[in-house]
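The values are calculated or read from the model by the stated rules, or taken from the named source; none is laboratory data. Nothing here was measured: the structure is a model prediction, and the numbers come from that model. Glycine also receives a Cβ, built like all others from the backbone with ideal geometry; neighbour counts cover every protein chain displayed. Each accessible area value is taken on the protein alone, full model and side chains, heavy atoms only, with ligands, DNA and RNA left out. Shrake-Rupley method; radii C 1.70, N 1.55, O 1.52, S 1.80 Å.
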Amino acid sequence: MRSENTPFSGGPLDGRVLPVLTGPTGHPPKWYEVPVPNDDGRPPTVHAYRRVPSGYTKRLGLQRGWEYVYEPAGRERRALKWPWSKPDTGRGDTEGDGEGRERHPA
């Protein structure tokens, strides 16, 4: 496996450059999670880092590489988007909520 020296910014790994294994496409993973053990026996605290481009060249605008930026809120969880699923509008559609045509008794 190939690894790439990747700088970290923010959080407990601020300023460090660590070798990170790259995937089959040659890119490091989008998220890097670092578990830190607790002394009192609780589960380890997990610090999350998000992969961002580290910069671009002046002349052609090519990407120079990657770096990891600390995300204090943790890793964002996204729902799977299947092509046959209905989009979630977030409105909380329910029948009889007052929208649309109302029926009046005759």
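Checking each residue in the stretch 10-45 for being open to solvent by 80 Å² or more (accessible area, probe 1.4 Å), closer than 15 Å to Tyr70 by Cβ and out of contact with any Phe, Trp or Tyr (no Cβ under 8 Å at 6 or more places or on another chain) picks out Lys30, Pro35. Please count how many residues of the stretch 56-84 are surrounded by 10 or more Cβ atoms within 10 Å (Cβ to Cβ) and either farther than 16 Å from Arg16 by Cβ or over 20 Å from the mean Cα position of the chain (by Cα) (or both). Within the stretch 56-84, residues that are surrounded by 10 or more Cβ atoms within 10 Å (Cβ to Cβ) and either farther than 16 Å from Arg16 by Cβ or over 20 Å from the mean Cα position of the chain (by Cα) (or both) number 6. Scanning the stretch 46-55 for residues being of a type in the set (D, E, K, R) and open to solvent by 70 Å² or more (accessible area, probe 1.4 Å) gives a total of 1. Please enumerate the residues belonging to the stretch 1-28 that are within 12 Å of Ala48 (Cα to Cα) and assigned to a loop (DSSP other than H, G, I, E, B). Selection gives Gly10 alone.
Residue count for the stretch 34-88 satisfying the condition of being of a type in the set (D, E, K, R) and either within 24 Å of Ser9 (Cβ to Cβ) or assigned to a strand (DSSP E or B) (or both): 10.
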